[in-house]
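Working notes for the structure below.
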Amino acid sequence: MAGRVAIICAMPQEIKPLVRGWRKVRERGLTFFESERAVAVASGIGSAPAAMAAMTLVAREQASCLVSAGLAGALRRDLHVSDVLWPRTVINEATGKRFVTQSSEAQGVLVSGRTIASEGRKRELREQFGADAIDMESAGVASIADSCGLPFYAVKAISDEVDFPMPPMNEFVDAEGKFHTASFAMRMLLRPAWWGPTITLARNGHAASVELCKALEHQIEQFAKFKPGALTPQS
C-alpha cells in the first residue's frame, strides 16, 4: 500500500506553519515531522542535500510521492512575494536535465540553481532557461523521484522578487547545505548595507511560508480525496 506524502524542503522555517503540532522525530541525522497523511524533512540548502534527504525518505517510508516544497526567487517581474507556483518543468542548472511534475495545476518552469542568485544571475537564468523562478533543491528531489519511479511534485512560494538586492550569502552555506547564521550575523554587523535587505528577506520569507503551507495543506487534502487509502502510514 502506498504511504504518506513525502515533503522535502531546505529549511525548517519554510514549513513551520504546516508542521505545527506534528510529531517531531530525529533520525539518521535529520529531523522528520510526521502527521497521519504526510511526512516532511528539512534537507539543507542545495541539490545534493535535497537528493540525500529524498533518498532517506524513500528508504524510511513507503512514500506515495515526493514533493519539493520551499521558497524561491522570482525571475519574472510579474511575480511577487508570497505568490505560489506549481511548476510544470524543473531544470537542473548544472546538467540541463529537465523533469516534469505531476500536478494538474502545474504551469511554468523552475530552474534549480547552484547558488543563491543575485539580481544579475537571475537575469542570466531567465535568458538561458526561460524560467519563471529559481530554487536550489527541486532538481535533487526530482532526480530521486525519477530513479525510484515515484510521482514528483514541486510547489514554491516567492520570497524575493527579480530586483531584490540579495546580500552575498553563498559563502555562509557549507557543503552539507547548512547556513551558518552566526557567521553571517557577525559579518552583517560590519556591513550596514546588508541590514535592510536581510530584514526584508526574513519578513518576506515568513509571509511566503504561510502561503506555501496553505498550498501544501491543499495538496495533501486533494491527494487523500482522490487516492483513498493511499496515505495510510506504515506501522
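Listing for the model above:
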item	result
Computed [θ] at 222 nm, helices only, for the chain once each DSSP H run of length n ≥ 4 contributes -39500 (n - 2.57)	-11000 deg cm²/dmol
Residue among Ser104, Ser143, Ser35 with the largest mean-square fluctuation in a Gaussian network model of the chain, springs linking Cα atoms under 10 Å	Ser104
Principal-axis tilt of helix 195-226 within the chain, Cα atoms, nearest 10 degrees	20 degrees
Region 106-147 - convex hull of alpha carbons, volume per residue in Å³	73 Å³
Within region 1-134: Cβ-based charge dipole about Cα centre, in debye rounded to nearest 20 (Lys, Arg +1; Asp, Glu -1)	240 debye
Fluctuation leader among Arg191, Arg76, Arg126 - the chain, Gaussian network, Cα springs under 10 angstrom	Arg191
Cβ-based charge dipole, region 168-223, positive-most Cα from His180, Leu190, Asn170	Leu190
Sequence of Met11, Met52 from largest to smallest accessible area, 1.4 Å probe	Met52, Met11
Which labelled figure in (1) 17.9; (2) 12.1; (3) 14.9 is mean projected area of the Cα convex hull in nm², once derived from the coordinates	(2)
Cα→Cβ-extended label distance, 7 Å offset, between Leu189 and Ser147, nm	4.3 nm
Highest-MSF residue in the chain out of Arg123, Arg203, Arg187 [GNM, Cα springs under 10 Å]	Arg187
Student exercise, the chain dipole from Lys, Arg, Asp, Glu Cβ charges, in Debye to nearest 20	360 debye
Accessible surface, per residue, of region 100-235 when the full set of protein chains is kept, probe 1.4 Å, Å²	51 Å²
Sequence of Thr115, Thr101 when ordered by accessible area, the most exposed leading, probe 1.4 angstrom	Thr115, Thr101
Rounded tilt (10° steps) of 47-60 against the dominant C-alpha axis of the chain	20 degrees
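The values are calculated or read from the model by the stated rules, or taken from the named source; none is laboratory data. Computed from a predicted model, the values in this text were never measured in an experiment. Because the Cβ atoms are built from the backbone with ideal geometry, glycine has one as well, and the counts that use them run over all protein chains shown. For accessibility, only protein heavy atoms count, side chains too; no ligands or nucleic acids. Shrake-Rupley method; radii C 1.70, N 1.55, O 1.52, S 1.80 Å.
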